[in-house]
Amino acid sequence: MLLSGAEIILECLLREGVEVMFGYPGGAILPTYDAMSKYPQLHHVLVRHEQGACHMADGYARATGKVGVAIATSGPGATNLVTGIATAMMDSTPVVCITGQVPRPVIGTDAFQETDVTGITLPITKHNYLVGSIEELAYTIREAFYIARTGRPGPVLVDIPKDVQNQKIEFVYPEGEIRLPGYRPPSSATEAQVEAVLELIQQAQRPVILAGHGVVMSGATQELQELAERAQVPVALTLLGKGAMPESHPLVIGMMGMHGEAASNNAIQEADLLIALGMRFDDRVTGNLKTYSPNSRKIHVDIDPSEINKNVKVDVGIAGDLKTVLRQILPGVKSVQHAEWLNRIRDWDEDSDERDILKTYEGDKLLGAQVMNDLWKYTGGNAVTVTDVGQHQMLEAQYYPHQRPATMITSGGLGTMGFGVPAAIGAKFGRPDEEIWAIVGDGGFQMTMCELATAMQENIKINIAVINNGFLGMVRQWQELFHESRYNSTPMFSPDFCKLADAFGMPNMRVTRREQIEDAVKFARSQPTAVLLEFVVEKEEMVYPMVPAGADLHAMIRRPKPNERK
Amino acid sequence: MDQQSSKHTIAALVENKPGVLNRVASLFRRRNFNVDSLTVGRTYKSHISRMTLVVDAKRTDARKMISNLFKLINVIDVKLVSSEPHVSRDLALVKVRSDDADSRNGLTLLCERFPARIVDIGPHYAIAEITAQEDVVEGFIEEVAKIGIVELVRTGVVAMGRGTRILDTEYEPAIPVAANGSAHQVY
Ligand SMILES: Cc1ncc(C[n+]2csc(CCOP(=O)(O)OP(=O)(O)O)c2C)c(N)n1
């Protein structure tokens, strides 16, 4: 079969099982866009900004576990992808970005729209390629998909010069195994490691499991629950670990870290054993490393060997696929009780309950916390939520418990504002039968709100909840706590979000009182198209608890109890 | 670790492709690894290059560096050479004054005491070459400095495990390597 480079690209995408690609055309990628008419099975989604394309591919990948695909032209098209690529890198999500490059003869001459894209993205991709000839094109794309989805997943970029796209070659798909001598994702634990883990679990009086994104990505949710139940170990979740175990489960003690549950953070600090599974001891999770869980032995299982002993020194470090490793460990785990320890954690929880703003608030403003709680209630706790970054993100994590893995999609590692709306669109493409809610702040929403047009053009049904507090809320919170309430550049003018939605032809509703939430959710669900709900909330709400950056994990700023208030 | 120093020597086999050195350098920069010396050269296989890295153990954790090197797709194998018996060599070219008999004689004497030789001599300057272990090279340079160094260049350390400790790879690239030694040619 005589195929052009452009056709080979699409042929390879098809063989990788790609159904949808998110992109934006331009000169250097035009041959590939032209070839799309021969591949109607590959649905192309025209975004409004390439950052959106990458976030959509990322959202699709997080929702499905499959590789998401983003396409852009050279130069500005490719540089617009950068934030999206860095986001996927930090959260280890499998994305393949295909970019057009100027023709080979002019590379290195500052040709029109030439940028050294492989150079720019080198530190923020798992790997990248500049394709040098049509002969290596198909093999390179195969490699890219393989690298993106295996081991610790991550973004891979393939930069393809325009003349390679135009060249023709007798095409033979490179079947057979991929030969990457320097790429050997680890898989399992040694017998000695399994022994060591079992011994530590056996001895522990106050164990805590730290469950992260890796549990979800390796599909080890069942194994996690079995381990927790059998050894009666409470489970604290990272932000990206939400849903790794049903959050209604009595052993799940909630999110850990900067805005985590006090019970989780206290338990970690008092534990005599931490079992860290598929998480990486990010500073937002540990606080001050010098005082972090000082009296515990530590077990760490992660797919990436370079994560072991990176931030926290551990007693047993296992580089391997979490599901495989847990399956090795489980047969040796004896059933034990830790009633006293679990009671102690319950006491912390009760203390938190007394401080909960949902129970203690006496004002008449709508609160972000109430919105999250009620969204949870009226969606039956069963929606896939995709958040942006800020206070609303932390409130979602605190007030919307998830029962299933991969039902909370958020930018954790990079904390990318603007992620929410496009990632929700991508997630919906991946899981069309799910109810998808984008939960975004008024700030982050305005960074990528152009993608409302994409949602309408594609007739994609998502529900968008804009939590409008008139501020860059999370930054305002820091200013209130650490900069004597000097609100420099955080109060924010916004357009009338409902009129804006009107302009896109998107049904919408403004909610200012709590009683309206139920109807608003009903309305959103009843519409066949994407819907925007604007929640006008208290301007100066605070998210508690809060561990100030770099402070000891137990040194949380708490919301005072009603009787403690002045 | 070397007995007398706090230096680690790491050897890495990498694919001989454009940009691989850049990937390694970028890794060191973003992970804040300090490198004393880094050498790269081809091996007896055209598609494989070998790097030797020397790091100061006090400033850089060799184990972290190795696990991060392994993450690079083009890095085929990595060994901490200095943890086992090995041979290491550094090469220096030193240009010194040779415009009077004292300096010429001084240099000749030094070349007898050290594994060094004079490789170029003219009316004004001479070049001495030394190939030896890093500390010996350093000792030589200290002595030559007394005569007066005007220019100096060193290759950085290369190292190899002794005896049966062999760092090699069976790997053959899936896409045939072009005559200029690169599969992924940058134009
Ligand atoms: C792209 C980007 N720029 C800046 C920041 C820093 N930042 C973190 S949270 C935040 C405020 C977010 O405000 P908003 O979107 O209104 O959400 P809220 O916190 O009010 O819920 C900012 C500016 C960021 N995370 N990402």
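For segment A:1-59, the set of GluC sites (Glu not before Pro) satisfying both a DSSP loop assignment and a count of at most 15 other C-beta atoms within 10 Å is given as A:Glu19.
Between the amide H of A:Leu532 and those of A:Ile464, A:Asn508, A:Met509, distances stay under 5 Å, these residues lying 5 or more places away or on another chain, with hydrogens modeled in the peptide plane. As a proxy for reagent exposure, A:Trp376, A:Trp437 were ordered by neighbouring Cβ count within 10 angstrom, fewest first; the result is A:Trp376, A:Trp437. Charges were assigned to the Cβ only: +1 to each Lys and Arg, -1 to each Asp and Glu. The resulting dipole of chain B about its Cα centre is roughly 840 debye. Note on chain B: with a GNM built from Cα contacts shorter than 10 Å, the maximum mean-square fluctuation among B:Val81, B:Val24, B:Val150 falls on B:Val150.
Computed from Cα atoms, the angle from the helix A:339-355 axis to the main principal axis of chain A rounds to 80 degrees.
What separates the Cα centres of segment A:1-63 and segment A:137-152 is a distance of 16 Å. Counting only Cβ charges, +1 for Lys and Arg and -1 for Asp and Glu, the dipole size of segment A:400-461 around its Cα centre is about 120 debye.
Of all beta bridges that DSSP places with both ends in the protein assembly as shown, some 45 percent have antiparallel geometry. Ordered by the number of other Cβ atoms lying within 10 Å of each residue's own Cβ, fewest first, A:Met456, A:Met506, A:Met258 fall into the sequence A:Met456, A:Met506, A:Met258.
Pairs of alpha carbons in segment A:123-176 separated by more than 16 Å make up 45% of all such pairs.
Modelled spin labels at B:Glu143 and A:Leu14, positioned 7 Å past Cα toward Cβ, are 7.3 nm from each other. Note on segment B:67-108 and segment A:87-127: Cα centroid distance 35 Å, given to the nearest whole angstrom. Computed 3J(HN,Hα) for segment A:252-266, one whole-Hz value per residue from the Karplus formula 6.51 cos²θ - 1.76 cosθ + 1.60 where θ = phi - 60°, is 7, 9, x, 5, 10, x, 3, 10, x, 5, 4, 4, 5, 5, 4, glycine and proline marked x. Once the Cα atoms are used to define both axes, helix B:101-113 deviates from the longest principal axis of chain B by about 50 degrees.
Calculate the tail of P(r) for segment A:2-170: the fraction of all Cα-Cα distances greater than 30 Å, expressed in %. Pairs farther apart than 30 Å: 6 percent.
Residue by residue along B:27-39, Cβ atoms of other protein chains within 10 Å of the local Cβ number 1 on average. Here A:Tyr378, A:Tyr173, A:Tyr60 are placed in order of increasing Cβ neighbour count within 10 Å, fewest first, which gives A:Tyr173, A:Tyr378, A:Tyr60.
Under 5 Å between amide hydrogens, built in the peptide plane, is the criterion, and for A:Val386 it picks out A:Ile409, A:Trp437, A:Ala438, A:Ile439 among residues at least 5 positions away or on other chains.
For chain A, the alpha carbon positions stretch 75, 62, 42 Å along the principal axes, listed from largest to smallest. Diffusion of segment A:191-349 by Stokes-Einstein, at 37 °C in a medium of 0.692 mPa s and with Rh set to the Kirkwood radius over alpha-carbon pairs, works out to 218 µm²/s. Sequence-ordered 3J(HN,Hα) estimates for segment B:72-78 from the Karplus curve with 6.51, -1.76 and 1.60 and θ = phi - 60° stand at 6, 4, 7, 8, 8, 8, 9 Hz, glycine and proline given as x.
So for segment A:362-536, Kirkwood radius off the Cα pairs, Stokes-Einstein at 20 °C and 1.002 mPa s: how many µm² s⁻¹? In µm²/s, the coefficient rounds to 133.
Here each label is just a point 7 Å from Cα along the line to Cβ, and for A:Gln113 and B:Asp102 those points are 7.0 nm apart. With R₀ set to 45 Å, the beta-carbon distance separating A:Ser37 from B:Thr169 gives a calculated FRET efficiency near 0.50.
One chain, two ends: B:Asn32 and B:Glu84. Fully extended at 0.36 nm per residue, the span grows by 16.1 nm beyond their Cα-Cα distance. Between the beta carbons of A:Leu481 and B:Val119, assuming R0 = 60 Å, the FRET efficiency works out to 0.30 to the nearest 0.05. Projecting the alpha carbon convex hull of chain B along each direction and taking the average yields 13.3 nm². Taking Cα atoms only, the orientation of helix A:50-64 departs from the longest principal axis of chain A by about 60 degrees.
If R0 is 51 Å, the Cβ-Cβ spacing of B:Thr43 and A:Asp283 corresponds to a FRET efficiency of close to 0.80.
In segment A:316-418, one over the average inverse separation of all distinct C-alpha pairs is 17.2 Å, which is the Kirkwood hydrodynamic radius.
The label point for A:Glu540 and the one for A:Glu195, both projected 7 Å from the Cα toward the Cβ, are 6.2 nm apart. Taking amide H positions as modeled 1.01 Å from N, with prolines and chain starts lacking one, the residues under 5 Å from A:Glu247 and 5 or more places away or on another chain are A:His402, A:Gln403. Overall, the protein assembly as shown carries a charge dipole of about 340 debye about its Cα centre when +1 sits on the Cβ of Lys and Arg and -1 on the Cβ of Asp and Glu, all other atoms neutral. List the pairs from A:Lys242/A:Lys359; A:Lys290/A:Lys561; A:Lys290/A:Lys313 whose alpha-carbon separation is above 21 Å, in the order I gave them. Result: A:Lys242/A:Lys359; A:Lys290/A:Lys561 exceed 21 Å.
Each value in this text was obtained by applying a stated rule to the coordinates, not by laboratory testing. Bear in mind the structure is a predicted one, so any value in this text is a computation, not a measurement. For neighbour counting, all protein chains shown are included, and Cβ atoms are generated from backbone atoms with ideal geometry for every residue, glycine included.
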